[in-house]
1. When you scan the range A:14-27, do you find a residue that is closer than 17 Å to residue B:65 by Cβ, in contact with a helix residue (DSSP H, G or I) (Cβ under 6 Å, 6 or more places away or on another chain), outside the structural domain of residue A:236 (by TED's automatic domain parsing) and modelled with pLDDT under 85, even just one?
2. Filter the range B:305-323 down to residues that are more than 7 Å from every other protein chain (Cβ to nearest Cβ) and assigned to a helix (DSSP H, G or I) and give me whichever is farthest from the chain's Cα centre (by Cα).
3. Among the candidates B:118, B:130, which residue alone is over 25 Å from residue B:66 (Cβ atoms) and in contact with a strand residue (DSSP E or B) (Cβ under 8 Å, 6 or more places away or on another chain)?
4. Would it be correct to say that residue A:214 is surrounded by fewer than 19 Cβ atoms within 10 Å (Cβ to Cβ), more than 22 Å from the chain's Cα centre (by Cα), in the same structural domain as residue A:49 (by TED's automatic domain parsing) and at pLDDT 85 or above?
5. Count, please, the residues in the range A:261-283 that happen to be under 24 Å from residue A:367 (Cα atoms), more than 12 Å from chain B (Cβ to nearest Cβ) and assigned to a helix (DSSP H, G or I).
6. When you go through (1) over 20 Å from the mean Cα position of the chain (by Cα); (2) under 16 Å from residue B:36 (Cβ atoms) one by one for residue A:69, which number turns out not to apply?
7. Among the residues in the range B:60-80, are any within 7 Å of another protein chain (Cβ to nearest Cβ) and touching a strand residue (DSSP E or B) at 6+ places or on another chain (Cβ under 8 Å)?
8. Among the numbered criteria (1) modelled with pLDDT under 95; (2) away from every other protein chain (no Cβ under 14 Å); (3) crowded, with 18+ Cβ neighbours inside 10 Å, which one does residue A:371 miss?
């Protein structure tokens, strides 16, 4: 579902910024255009009116025509791609051609490239890298701290400026942050910024949220937009204001309204994820955590250990993928496995109790289920998962969940991990009260 | 590095296909445009000339103008986004406006929506979903099996056809596969197809590969393009031919040349990954696998258990994140931990030997290292990893690796997992000889 976004693109008479991505690999679908998204985000944060994005292949005539076209309707163009040494890297010369301007070598750039590659043998006359030193006479150079291909800032006609960047994301980002950001801010920003705050939800569906906040979704400033990922919903609140602190003042009442309405469904903000929030909570309580995993096969543990500092809370776990290991490592009685099956409330509960005791932790989560695509039957279909959480004072919580069997293996594993983490988060919350 | 791509975009006089993505969230940088890449890949596989992609916001006048512009230079336009029920979903009416054509309700579509949402109360007069039933009179409807918003196939002027799709990727894909693919193939494909074969490498860097295959990189049909991911290099060979089998004939000699040149660095093709290849190898040998993980904290296990059928090979593992568990679960002697530290060849080797014995497997991999960002020192910096592989007949391999400490935690963990999997793959290969 999309919502009203009070973006300045609603003012059609204003001139604005465009992004042009250059590369035949984009037209072939070989790579996803993440550069456009990154630049778009940067332009948003600068409060710039960004109306349109285009992509073309490595074709000189098409690049020239398109740049010419853009110069007639916009005042700033950001390009990525086509600055390298190969015959297919045509951006600079094609842009120059749009305005019938020759390009010249800037000799100091060649010295810089030689310096950067001082451990490589370069031929002064034949090196393909030399091509990267040619620019229109009055272009200013954007230094590339991560590679050899510089970019340029060039105003070929009054009121129209072009900034060029390589297609390699790390080079683009470094050059943007080092040089371009300040230039654009100084010369093109109207002094306003867009600032966003993202509120994150677990255990509730997108439609259950949006139907309760119809009024908020209609706001103009800040704007409020929902996004759904696997097992997680995000609400992004974006304000336009003179600066970040004024934007925060606009955002605050919306945030508070969401917190009042959805309280425990909200687990965090911005860069938080369920694992990082859980680790923080356990750290506060000085409690430790262990896992006994079957169907998630290590994914639950790795979601926790992907967070720096998790070792203060997480002691370890056992992945008992086979029944043999459930018996030998987790002491699940043979008759329990026979009577109830490995995917059962009984086995999950014993797994949680035993691992908690064996690994001497405050909290243990166990999980056993059928991630598919095979292994399911009518009684225990693909998507069936049992989770058990054992805590202090013999606290036991058992959860049975049927995930949609049309989900693929990886989705069922990831949804299971989310459910484990969110369930323990809710238990800790309720105990904190 | 980019290479020559003999794409038809080098023939500027031909009319072609364009993709138009509609959504202000794309201009705000809130989401990455994965739809364009997916459609581009589809168009490639149909051998269609795809010259240009554009993105605009949810602004009726801009959408209209852009569609009009595209109709003057292309013969097929694929749009995504803006088909939903909210006021910002403007695509159909804006496209109709480009050609001064009114839109009418197709009543049967409303019946279909009501049927799809039969468990929801819909108001005949006020439901916002009703908007989704309005189309130009002679538009053909593309049924949406995954959602409520249909698309259309419409030829507003002779020689120019528009296909519209929602922005939700799963809906777009289902509609494309169910209806659009055949329509486009029948009406727009010239009978040629692009067919790709991707060869995958591990244990060798991109530049080490490309500098040895300069001649291959210059080919016109098939074209050859290298891509580098974290710890993996891919070479994509793309041929244009009358059909798949003719394309395969063109690809074959290039593939063989790569296999001769790089032999054991090549681990697979297309959808293979290191884990799936390793599981296949172990299945053939009827050998089993277990892990003792420290710094990768479950990621090694989950890379294996993400593959369906892994349970036939993988028995389980122990994640001994704390030293306490290294002692209690993996029987690492206290004095070994004290003398050498947890991150050492000695401890890694004992971990591998002990887990292999305890879990009764043919192969065991252990890993201990410093994933960072903290925990490193001069002697044992962030990025230092010890891997030990224990196999049949007391086969022990010890590996010490320094990953670049500027890598983030997650990258070091993922590179470590790749190194574990690739090392065992190479051992199995050498034993198979």
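The values are calculated or read from the model by the stated rules, or taken from the named source; none is laboratory data. A quick note: this is a predicted structure, and the numbers were derived from the prediction, not measured. Here the Cβ positions follow ideal geometry from the backbone for every residue, glycine too, while neighbour counts run over all protein chains shown.
1. No; the residues of the range A:14-27 include none that is closer than 17 Å to residue B:65 by Cβ, in contact with a helix residue (DSSP H, G or I) (Cβ under 6 Å, 6 or more places away or on another chain), outside the structural domain of residue A:236 (by TED's automatic domain parsing) and modelled with pLDDT under 85.
2. Among them, the one singled out is B:323.
3. The unique qualifying residue is B:130.
4. It is false that residue A:214 is surrounded by fewer than 19 Cβ atoms within 10 Å (Cβ to Cβ), more than 22 Å from the chain's Cα centre (by Cα), in the same structural domain as residue A:49 (by TED's automatic domain parsing) and at pLDDT 85 or above.
5. Final tally of qualifying residues: 11.
6. For residue A:69, the failing item is (2).
7. Yes, that holds for at least one residue.
8. Tallying (1) modelled with pLDDT under 95; (2) away from every other protein chain (no Cβ under 14 Å); (3) crowded, with 18+ Cβ neighbours inside 10 Å, residue A:371 fails exactly one: (2).
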